[in-house]
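Following: one structure in structure tokens, then a few remarks.
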Amino acid sequence: MNMDNKTWNYKNFNMVVELDIAGEFIYNGIKEFNRMHYITNDAPTFLSLYNISVGLERLQKIVLVLWKLDDNSDKEQFEKGLITHSHSYLRDEIRKCAKDSKYSLLNERENDFITLIQKFYNTARYDRFNINGKNNIETSIFEEYISKYIKVVSHPFYKDGIVLTDEIKEFLGRVVGSISHKYYQLVIEGSYRNHTFTYELRSDSKAQKVFLPEYKKKSLMEGQLNERISFKEILIYVRNTREKTAFLKFIDDIEPLEFDPALVIDYLGEFAEGTVSQSLLDEVEFLYGENEYSNERVELVDLIGNPQVMFEYPYIEACNDILFRILKDKAIDDDMINCLDKHIDYIDDDDILEVLNKVKRSYQEYKEGKCKLEVFLEQIQENYNEYQNFLIREGNRDEDK
């Protein structure tokens, strides 16, 4: 497909950002669905449908830019054609211009979902701002869609609410995942046609989690399960590991708050779904007040998970002090080496460990009478000089950050 530079830049640079944005919206919508327990007249229901609606609409428009726009197009007319919130219209246009691709066709439940989000976006989105509008239109159009495929269970307390069962969540994950997969495949094919890199996904982005994995039956809920399991595996590791690291020792040295053990499982369940409950916030605030903790503890705890903090640095400095003392006093004994060993346990850097292990080998040779004190001290001086180079290098890295 021939095109001018301006059009190529538009398809390549503008649309690759739009792809990232679309993936963010879709991910956020699925994330919201995953953590919800009911479909009711509330903000989470609105946000889940809103995010998915916006994400899929933008994804559809990216496909059209890649497949429909060429040098012979009336660009002004094309842009006007994108000013729409009709998912059905965009779907039909994609089906026409990408008819040679197997990914241009949606199945019945996918088409019905397109109708659902179009109804939501064009009607329900602002209906509560109308004096005569419906107050719970999201739940009614959602029930109309989902009841066609899955048995609906009513909310036990709210008349118009629906229980968001695992079956419904999985169904939604498959439908949204399958639509997203098909349209992303069209983005890939369209990129090849246009010789662009529009399909590229930002590393570690939400869009990457939506478009890249090959989930079973294309269900985006599998991605949410993977996130929960990964979080819980890290939790198990931190709780049970016997490994010695500076970071884990840092955590061990902080006095824990006295949480109610019966509530911890609830808090962790909410964490796994990306939520910090107000009840946990209230309990932490109460416990801080009870113990009269200052901002110093806040700053200390906030260091956990900060990738810019070098937790092993105090142990590196302590080893440096030991080397300095050996050279200053021109003396060494087993206690100093034992102290060095205790600090080494919490150092991970290979370069610094190599230097410290040289010190230990030199001491062993001196202790066995294989070298005199003068020779030993010369070796320690060399090791100490290497150590200083390391400290200078790390200091420069910190300044660069």
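Nothing in this text is a laboratory measurement; each read-out follows from the coordinates by a stated rule. As the structure is a computational prediction, the values presented were derived from the model and not from experiment. Backbone-built Cβ (ideal geometry, glycine too); neighbour counts: all protein chains shown.
Within the same chain, lysines fewer than 8 places from Lys342 are excluded, and of the rest, those with a Cα less than 21 Å from its Cα are Lys244, Lys249, Lys358, Lys360, Lys367.
So if each residue of separation counts as 0.36 nm, and I subtract the Cα-Cα distance between Glu143 and Glu227, what length gain in nm does that give?
Numbers: separation 84, 0.36 × 84 = 30.24 nm, distance 2.82 nm.
In short, 27.4 nm is gained.
Projecting the Cα atoms of Ile150, Gln388, Phe231 onto the charge dipole of the chain, computed from C-beta unit charges around the Cα centre, puts Ile150 farthest toward the positive end. Per-residue extension of 0.36 nm, minus the Cα-Cα distance of Lys358 and Ile254, leaves a gain of 34.1 nm for this segment. Taking all Cα pairs closer than 8 Å and separated by 6 or more residues, the relative contact order of the chain comes to 16 percent.
Taking the range 327-354 and a reference point 7 angstrom along Cα→Cβ of Glu374, the backbone N atoms nearer than 17 Å belong to 330-331.
Taking the chain as the reference, fit the longest principal axis to its C-alpha atoms, fit the long axis of helix 373-400 to the helix C-alpha atoms, and give the angle between the two in degrees, 0 to 90, nearest 10. Rounded to the nearest ten degrees, it is 30.
Remark: the range 74-83, residue by residue, has Karplus-estimated 3J(HN,Hα) of 7, 4, 5, 5, 4, 4, 4, x, 7, 7 Hz, where x stands for each Gly or Pro and the curve is 6.51 cos²θ - 1.76 cosθ + 1.60 at θ = phi - 60°.
Given in Å, the Rg to one decimal and the Dmax to the nearest whole number for the Cα atoms of the range 58-148 are 15.8, 47. Among Lys370, Lys119, Lys169, the largest mean-square fluctuation in a Gaussian network model of the chain (Cα springs under 10 Å) belongs to Lys370.
Only Lys, Arg, Asp and Glu carry charge here, each on its Cβ (+1 for the first two, -1 for the last two); on that basis the range 210-277 has a dipole of about 480 debye about its Cα centre. For the range 271-278, backbone phi angles converted through the Karplus equation (6.51, -1.76, 1.60; θ = phi - 60°) give residue-by-residue couplings of 4, 4, 9, x, 10, 10, 6, 5 Hz, Gly and Pro being listed as x.
If you take the Cα centroid of the range 74-128 and the Cα centroid of the range 228-247, the two points sit 45 Å apart. Of (i) 44, 24, 17; (ii) 57, 31, 17; (iii) 43, 37, 16, which one was derived for semi-axes √(5λ) of the Cα gyration tensor in Å from the structure shown? Calculated semi-axes √(5λ) of the Cα gyration tensor in Å: the matching label is (ii).
Each of Val63, Phe271, Asn240 was placed along the dipole of the chain (beta-carbon charges, centred on the mean Cα), and the one lying farthest toward the positive end is Val63. Using only side-chain charges placed at the Cβ, +1 for Lys and Arg and -1 for Asp and Glu, the dipole size of the range 46-132 relative to its Cα centre rounds to 240 debye. Our summary gives the range 88-233 a relative contact order of 21 percent, counting only alpha carbon pairs under 8 angstrom and 6 or more residues apart. Computed on the range 1-95, with alpha-carbon pairs under 8 angstrom and 6+ residues apart, the relative contact order is 33 percent.
For the chain, the mean residue ellipticity at 222 nm estimated from helices alone is -21500 deg cm²/dmol, where every DSSP H run of n ≥ 4 contributes -39500 (n - 2.57) and the total is divided by all residues, rounded to the nearest 500. Placing unit charges on the Cβ atoms only, positive for Lys and Arg and negative for Asp and Glu, gives the chain a dipole magnitude near 2560 debye about its Cα centre.
Length, then width, then depth: along the principal axes, the Cα atoms of the range 199-304 run 52, 33, 26 Å. Computed from label points 7 Å out along Cα-Cβ, the spacing between Ser203 and Ser277 is 3.8 nm. Per-residue Karplus couplings for the range 284-296, computed as 6.51 cos²θ - 1.76 cosθ + 1.60 with θ equal to phi - 60°, are listed in order as 5, 4, 5, 5, 5, x, 4, 8, 6, 6, 9, 5, 4 Hz, Gly and Pro entered as x. Given R0 = 22 Å, the distance between the Cβ atoms of Ser294 and Asp348 translates into a calculated FRET efficiency of 0.10.
Restricting the range 172-272 to chymotrypsin sites (Phe, Trp or Tyr not before Pro) that sit in a DSSP loop and have at most 14 other Cβ atoms within 10 Å of their own Cβ leaves Phe197, Phe259.
Compared with the dominant principal axis of the Cα atoms in the chain, helix 87-97 is inclined by about 90°. Residues whose amide H comes within less than 5 Å of that of Tyr38, counting only those at least five positions distant or on another chain, are Leu164 (H built at 1.01 Å from N in the peptide plane). Of the GluC sites (Glu not before Pro) found in the range 302-389, those that fall in a DSSP loop while having at most 10 other beta-carbon atoms within 10 Å are Glu368.
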